[in-house]
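The structure under discussion appears below in the form of structure tokens.
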Protein chains: 2
Amino acid sequence: MTTPAQGLHSHVLATLGLAITAGEYPPGTVLRTDELAQRFDVSRTVVREVVRVLESMHLVESRRRVGVTVLPTASWNVYDPQVIRWRLAGADRPRQLRSLTVLRSAVEPVAAGLAAHNATPDQCRELTEQALGMVATSRGRRLEEYLVHDIAFHRVVLNASGNEMFARLGDVVAEVLTGRTHHHVMFEDPDPAAVTLHVQVAEAVRERNAARAEELTRQIAVGALQELDVLAP
Amino acid sequence: MTTPAQGLHSHVLATLGLAITAGEYPPGTVLRTDELAQRFDVSRTVVREVVRVLESMHLVESRRRVGVTVLPTASWNVYDPQVIRWRLAGADRPRQLRSLTVLRSAVEPVAAGLAAHNATPDQCRELTEQALGMVATSRGRRLEEYLVHDIAFHRVVLNASGNEMFARLGDVVAEVLTGRTHHHVMFEDPDPAAVTLHVQVAEAVRERNAARAEELTRQIAVGALQELDVLAP
DNA sequence: TGTGACATAAAAGTCGTACTTTTAATTCCC
DNA sequence: GGGAATTAAAAGTACGACTTTTATGTCACA
């Protein structure tokens, strides 16, 4: 169950991070570095470096004479891509997917509106290209190919918004879309309505129609949320 | 200029993190742990732990035989509260404030809409209370007191949304509001229109009117964005 | 009996050094 | 000139000694 990992640090970090985010250690649980070193058969040095990283993610808190205390979910850095990946790989994957989808539904429409103002000609072209790619792969169980275009499309929108915070959500969106494709019923082709909406968004951005780009993206978001409700009511 | 800090680790981390996010080391700059240890007069152990943390924030990348390379802004974990704080304290504070305000303008309206559905009676009460607090302190240069209520208000909305990702933006919003109050013209009282909007949002949430809560919050956001444009065109 | 000062020890924090591993860069041979 | 072998530089890992903080238990005093 332990990730292969190149380097002791990565290995211990991955194992511990995954365990904590999976809720294997209830908040308040106290770990001792010596004990961890023994358990993982590594030096205290390595454990200490791992603890420092977990501490920076606010997963744990280290105090003298006490030890390394596991913190409650409320204090975790839930925007840390690493934490997101761990949680998506763990037990509360459904909860996590829902949270992230709601976040998307708030951010992406606004991002699309901004993209209509700020997208470079290159980005407009790329957007259209990806939308067409989605159309081309939307039928005939070509879900993997479709996914690539879908991810690329949303990434371009977020980047084209010109807002750094939005741009950095590209990875999160990629994770969500990948998660959806790989864990949902893989037997159905994507919703044709959604595909059309993507094409239209590309169009709206190209035509610098911000309001339309925003509204259309909002519709995509609504679709994604409904899909969630169907899958996990 | 060095933060006091309790503990060598915190001190070195704060200093290095601030310097990097301030752009003092252009991307690609290579640092060596030994050199850093010497510069800060601490052991290599401490420096290594710091580097590991900076690495987890994607501010730097450490490679054997090369050293610790500073990464470009595009790869930073810009949602890390620590990174946000460093950047707000540094040179590109204006850019950062704008990015965050745009993010707020996307998230908060949706959060308010959700809050109208999910807020507990306690949260409704708290919301009203804070809104009234804002009214009470909105005249007579009582900006500090006003700020406290303003922050509390937005925090409650984000928490009441029931979405974990939204809730975690409470700190970010607090930073933005604080930044605005402390770095803008401190001689004017808050915009009365904004104050009224807050009261109305509290009302809408209490009445479970999601659409109205969302729309009103959107207006607050528009106001915040305009304010930015006035201050830094 | 309760309370506050004090002593104790447990755990993290720091340091120095020695050693291993990876890998960029140089050298050398064909 | 190009590719293989060599070198060395830097991070990665380990270990042991020591320091510092601090929770907790102890003891004296009121």
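The values are calculated or read from the model by the stated rules, or taken from the named source; none is laboratory data. This one's a predicted model, so the numbers in the text were calculated from it and none came from an experiment. With ideal geometry, Cβ positions are generated from the backbone for all residues, glycine too; neighbour counts draw on all protein chains shown. The accessibility values were calculated without ligands, DNA or RNA, using every heavy atom of the protein model including side chains. Shrake-Rupley method; radii C 1.70, N 1.55, O 1.52, S 1.80 Å.
With under 25 Å from B:ALA115 (Cβ atoms), open to solvent by less than 60 Å² (accessible area, probe 1.4 Å) and among the β-branched types (Val, Ile, Thr) as the only criterion, which of A:VAL46, A:VAL53, A:VAL83, A:VAL70 stands out?
Numbers: A:VAL46 fails: under 25 Å from B:ALA115 (Cβ atoms); A:VAL53 fails: under 25 Å from B:ALA115 (Cβ atoms); A:VAL70 fails: under 25 Å from B:ALA115 (Cβ atoms).
Just one listed residue meets the conditions, A:VAL83.
So, of the residues in the range A:16-39 that are within 13 Å of DNA strand D (Cβ to nearest atom) and open to solvent by less than 40 Å² (accessible area, probe 1.4 Å), which turns out to be nearest to the other protein chains (Cβ to nearest Cβ)?
So, considering only residues that are within 13 Å of DNA strand D (Cβ to nearest atom) and open to solvent by less than 40 Å² (accessible area, probe 1.4 Å), the one nearest to the other protein chains (Cβ to nearest Cβ) is A:THR33.
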Please pick out the residue among B:ARG208, B:ARG218, B:ARG125, B:ARG180 that is part of a helix (DSSP H, G or I), in contact (Cβ under 8 Å) with a residue 12 or more places away in the chain, of a type outside the set (Val, Ile, Thr) and within 30 Å of A:ARG98 (Cα to Cα). B:ARG218
Any residue at all in the range A:114-121 that's within 8 Å of chain B (Cβ to nearest Cβ) and in a helix (DSSP H, G or I)? yes
Here is a list: A:GLY23, A:GLY28. Which entry is under 26 Å from the mean Cα position of the chain (by Cα) and at pLDDT 95 or above? A:GLY23
Within the range B:86-100, track down each residue that is in contact with a Leu (Cβ under 9 Å, 6 or more places away or on another chain) and either open to solvent by 40 Å² or more (accessible area, probe 1.4 Å) or within 16 Å of DNA strand C (Cβ to nearest atom) (or both). B:ALA89, B:PRO94, B:ARG98
Of (1) within 16 Å of DNA strand C (Cβ to nearest atom); (2) within 12 Å of chain B (Cβ to nearest Cβ); (3) of a type in the set (Gly, Ala, Ser), A:ALA74 satisfies all except one. Which? (1)
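Being open to solvent by 60 Å² or more (accessible area, probe 1.4 Å) and of a type outside the set (Val, Ile, Thr) is true for just one of B:HIS198, B:HIS183. Which residue is that?
B:HIS183
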Members of the range B:128-177 that are within 14 Å of another protein chain (Cβ to nearest Cβ), touching a residue at least 60 places away in the same chain (Cβ under 8 Å) and over 13 Å from the mean Cα position of the chain (by Cα): B:VAL157
Would you pick out the residues in the range A:183-202 that are more than 19 Å from A:GLN96 (Cα to Cα), touching a residue at least 40 places away in the same chain (Cβ under 8 Å) and assigned to a helix (DSSP H, G or I)? A:PRO192, A:VAL195, A:HIS198, A:VAL199, A:VAL201, A:ALA202
